[in-house]
1. I need the phi-derived Karplus couplings for region 50-64: 6.51 cos²θ - 1.76 cosθ + 1.60, θ = phi - 60°, integer Hz, Gly and Pro marked x.
2. Amide H neighbours of Gly101 under 5 Å, at least 5 residues apart or on other chains, H built in the peptide plane: list them.
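None of the figures in this text is laboratory data; all of them are computed from the coordinates on show. The shown structure was predicted, so the numbers you read here are calculated from the model rather than taken from an experiment.
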Amino acid sequence: MRFSLSVVPFWDPADRVPHRRTFELCRLAESLGFEGVMVGHHHFAEGQISDPLTLLAAVAAQTTTLRVATAIFLLPLHHPIEVAERVATLDQISGGRVSLGVGIGWSPAEDRSFYPRLSAREN
């Protein structure tokens, strides 16, 4: 049986390395035998991260066997070629330890921010 951990990134703006606790948790998960960590993706939502691929690159650089994954990456909010390039780079950085989960999202605030013309039609 394999286990992964879903991580809500810890962020301490007073720390010189604001995601230090997240990195510590990921290294601990790896040392305990977890197969991977997953990070969600949302814009404008407290406790969520708007750029999980950059955070996962830092996690990958600090671990050796831990798979790094997006729990769900909101693909429709980003250009798919840019996402593919970023994920390919992350896969190279991690030595092939990336999993990408994608979804369409559910947040009206994200929809309004990324697709203002569609939101105008709703009114």
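1. Ordered by residue, 3J(HN,Hα) equals 8, 9, x, 5, 5, 4, 5, 5, 5, 5, 4, 5, 9, 10, 10 Hz.
2. Answer set, sorted by chain and number: Thr70, Phe73.
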